[in-house]
Amino acid sequence: MIVEGPVIKFGDKIDTDIIIPARYLKYTDPQYLAQHAMEPLDPEFYKKASKGVIIVAGKVFGMGSSREQAAIALKAAGVKAIIAESFARIFYRNAINNGLPVITLPNATKEINEGVIVKINVETGEVFVGDKVLKGKGITGMALEILKAGGIMEYLKSIQRVN
């Protein structure tokens, strides 16, 4: 599974209140949530992301409350994948379950600049930046199957058809 796009870069400790502020949690429409993704840090994020982007961030991306809407909002906004130095565990799993690839890559914010085009091999964790190949943690097993299906609901539908 290959994902490619330009980078939008953030720092450490991006919590779920930044990803999707609590005042929008009463809404369920992914496109509405997308319009408010990352709003506290960048009110123009939705416009930038709508063309399809890769987020690069520092440590503990997605920390804070376990709101699933954070991953939903980012994916609906046009985020194709997230590369971070580390993830909050629950955000990581929410991203996978919603079909949003997440790659852990040490020193991601030092190695990858805003605006560059990156290509990610989700299975191996390799991140291609120009002539450089950076080695992150790939996604394998059932998590990869869930991603390839487009999320946990699509995955469950596909295995139900088989049985």
> Within the stretch 123-163, how many residues are in contact with a strand residue (DSSP E or B) (Cβ under 6 Å, 6 or more places away or on another chain), in a loop (DSSP other than H, G, I, E, B) and in contact (Cβ under 8 Å) with a residue 24 or more places away in the chain?
Replying inline: 1
>> Checking Pro30 against (1) touching a helix residue (DSSP H, G or I) at 6+ places or on another chain (Cβ under 6 Å); (2) at positive phi: exactly one of these is not met. Which one?
In response: (2)
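Given the condition within 24 Å of Thr28 (Cβ to Cβ) and of a type outside the set (D, E, K, R), answer yes or no: does some residue in the stretch 119-134 qualify? So that I can check it myself, show each step before the final result.
Filtering the stretch 119-134 down to residues within 24 Å of Thr28 (Cβ to Cβ) leaves none.
The answer is no, given that none of the residues of the stretch 119-134 is within 24 Å of Thr28 (Cβ to Cβ) and of a type outside the set (D, E, K, R).
State all residues of the stretch 24-45 that are of a type in the set (Phe, Trp, Tyr) and open to solvent by less than 70 Å² (accessible area, probe 1.4 Å); if no residue qualifies, say none. Explain how you work it out, then say what you get.
Filtering the stretch 24-45 down to residues of a type in the set (Phe, Trp, Tyr) leaves 24, 27, 32, 45.
Passing the criteria: Tyr24, Tyr32, Phe45.
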> Hey, Asn94 hits all of (1) farther than 19 Å from Met142 by Cα; (2) touching a Ser or Thr at 6+ places or on another chain (Cβ under 9 Å); (3) open to solvent by less than 30 Å² (accessible area, probe 1.4 Å) but one; which does it fall short on?
Replying inline: (1)
> Does the stretch 1-23 hold any residues that are surrounded by 14 or more Cβ atoms within 10 Å (Cβ to Cβ) and charged (D, E, K, R), and which are they?
Replying inline: Lys9, Asp12, Lys13, Asp15, Asp17
> Do we find a residue being open to solvent by 10 Å² or more (accessible area, probe 1.4 Å), within 20 Å of Tyr155 (Cβ to Cβ) and either touching a Ser or Thr at 6+ places or on another chain (Cβ under 7 Å) or hydrophobic (A, V, I, L, M, F, W, C) (or both) anywhere in the stretch 56-68?
Replying inline: no
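Rundown of residues vs (1) surrounded by fewer than 19 Cβ atoms within 10 Å (Cβ to Cβ); (2) farther than 24 Å from Ala73 by Cα; (3) touching a Ser or Thr at 6+ places or on another chain (Cβ under 6 Å); (4) modelled with pLDDT under 95, yes/no style:
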| residue | (1), (2), (3), (4) |
| --- | --- |
| Asn98 | no, no, no, no |
| Glu111 | yes, yes, no, no |
| Glu114 | yes, no, no, no |
| Ile120 | no, no, no, no |
| Thr124 | yes, yes, no, no |
| Leu134 | no, yes, no, no |
| Leu144 | yes, no, no, no |
| Ile159 | yes, yes, no, yes |
>> Filter the stretch 69-91 down to the residues that are out of contact with any strand residue (DSSP E or B) (no Cβ under 8 Å at 6 or more places or on another chain) and open to solvent by 20 Å² or more (accessible area, probe 1.4 Å) and list them by number.
In response: Gln69, Ile72, Lys75, Ala76, Arg89, Ile90
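The values are calculated or read from the model by the stated rules, or taken from the named source; none is laboratory data. The structure displayed is predicted, hence computed values, not measured ones. Note that each Cβ is placed from the backbone with ideal geometry, even for glycine, and that neighbours are counted across all protein chains shown. With ligands, DNA and RNA removed, areas are computed over all heavy atoms of the protein, side chains included. Shrake-Rupley method; radii C 1.70, N 1.55, O 1.52, S 1.80 Å.
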